[in-house]
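Have a look at the structure below, then the notes.
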Amino acid sequence: MEYIVETKNLTKRFGKEQAVSGLEMKIPKGEIYGFLGPNGAGKTTTIRMLLGLMRPTSGSVHIFQKDLRKERIRILNKVGSLVENPSYYPHLTAGENLEALRKIIGVPKTRIKEVLKIVRLEDVANKKVKGFSMGMKQRLGIAASLLNNPELLILDEPTNGLDPSGIIEIRQLIQRLPHDYGMTVIISSHLLSEIDQMATTVGVVSKGKMIFQDSIEEMRKFAKQKVVLKVSDSESAWRALLARGMRADWDEKNITLLNQSDENVATAVKYLVKDGFSIYRVEEEKKSLEDVFLQMTKEERLV
Ligand SMILES: Nc1ncnc2c1ncn2[C@@H]1O[C@H](COP(=O)(O)OP(=O)(O)OP(=O)(O)O)[C@@H](O)[C@H]1O
């Protein structure tokens, strides 16, 4: 597997505090990697280390399969990033702001038009930035990060402070990048719901540790359905199921089956009827992906 980003035992300590702890991040090419974790989990510290802005206490960062310590400039020339809220000259237009950056980076003038088109700001290229909405400013920030035609784009909480329509705009923009431009994207957030529909791979950090890293489909598997039985004399009914070798939980009210296959549910119902219990309801409860994420970060399930 060719990884665009691979960290090994990446660790950052601030005094006694371990902000990032033995992180093994693996990001295949062309993925949109949702880097998730509650506030203070270590996302920004990790991103700063990926961008060479902060030196790891120990461990290594490889980007494009090159060691960041040894080939920093060569690597960073092909990386775009938006780490803090970008600052602009409010009295200059979108195009003029990008022009100022373009001169520093040294890319052809034609690139300005291209990046404005990618972020769908070409119609307001000649408007002053001071009249822009938060969402437009954020898209301009992404345009700036695309000036050097990066192969890897790193966005730290790009939807922070945006309204729902601004979030959707950013989502649509990011979703196109791997397909249309062959980019790999890392996008951090403390809210799964914000990146749920755009990430293809997810890394979840909690207290500096990676507690889950896999495809979003794998994460969805944790959002399994629960089948709940509402029955008469539920405690006895639960004990009767256990006595028959079935796996079930009881919360002093209802029974939850731990194996939710159709067959297993049918067997449980058959036993309960046989044992003389009345079945009032057989209900399905589905956990949202957000519930799964919250549960993961609470339990710190280690992978
Ligand atoms: N320069 C620093 N000096 C000391 N401690 C720091 C420094 N930067 C971060 N930390 C600490 O490291 C931990 C991780 O912080 P970090 O900013 O990386 O988390 P985060 O996941 O990005 O959170 P947020 O979403 O709030 O930005 C926190 O406990 C923070 O207080």
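What the table shows:
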quantity: Criterion violated by Met198 - all others in (1) assigned to a loop (DSSP other than H, G, I, E, B); (2) exposed (fewer than 15 other Cβ atoms within 10 Å of the Cβ) satisfied; calculated: (2)
quantity: Strands (runs of 3 or more DSSP E) wholly inside the range 1-91 containing at least 1 residues that are buried (at least 22 other Cβ atoms within 10 Å of the Cβ), of a type outside the set (Phe, Trp, Tyr) and within 10 Å of the ligand (Cβ to nearest atom); calculated: 3-14, 17-23, 32-36
quantity: Which numbered condition Leu98 misses (of (1) part of a loop (DSSP other than H, G, I, E, B); (2) modelled with pLDDT of 95 or more; (3) over 24 Å from the mean Cα position of the chain (by Cα)); calculated: (1)
quantity: Residue count for the range 156-181, restricted to those that are in contact with a helix residue (DSSP H, G or I) (Cβ under 7 Å, 6 or more places away or on another chain) and within 22 Å of Leu50 (Cβ to Cβ); calculated: 5
quantity: Test set (1) among the hydrophobic types (A, V, I, L, M, F, W, C); (2) modelled with pLDDT under 95; (3) within 16 Å of the ligand (Cβ to nearest atom) - Met198 fails condition number; calculated: (3)
quantity: Tabulated pairs, the range 198-210, first assigned by the TED database to the domain that holds Leu155 and over 15 Å from Lys26 (Cβ atoms), second among the aliphatic types (A, V, I, L, M) and more than 9 Å from the ligand (Cβ to nearest atom), C-beta under 7 angstrom, 6+ apart or interchain; calculated: Met198/Ile32; Met198/Ile174
quantity: Helices (runs of 4 or more DSSP H) contained in the range 205-303 and holding at least 3 residues of a type in the set (Ser, Thr, Tyr); calculated: none
quantity: Residues being farther than 14 Å from Glu96 by Cα, in a helix (DSSP H, G or I) and β-branched (Val, Ile, Thr) - total across the range 113-158; calculated: 2
quantity: Test: Phe132 is at positive phi, touching a residue at least 24 places away in the same chain (Cβ under 8 Å) and not basic (Lys, Arg); calculated: no
quantity: Residue list for the range 13-49, filter: at pLDDT below 95 and of a type in the set (A, V, I, L, M, F, W, C); calculated: Leu36, Ala41
quantity: Conditions (1) within 17 Å of Leu153 (Cα to Cα); (2) within 21 Å of the chain's Cα centre (by Cα); number of the one not met by Ile75; calculated: (2)
quantity: Set Ser278, Ser234, Ser261: member being buried (at least 17 other Cβ atoms within 10 Å of the Cβ) and not assigned by the TED database to the domain that holds Asn9; calculated: Ser234
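The values are calculated or read from the model by the stated rules, or taken from the named source; none is laboratory data. Just so it is clear, the model here is predicted, and its values are computed rather than measured. Glycine also receives a Cβ, built like all others from the backbone with ideal geometry; neighbour counts cover every protein chain displayed.
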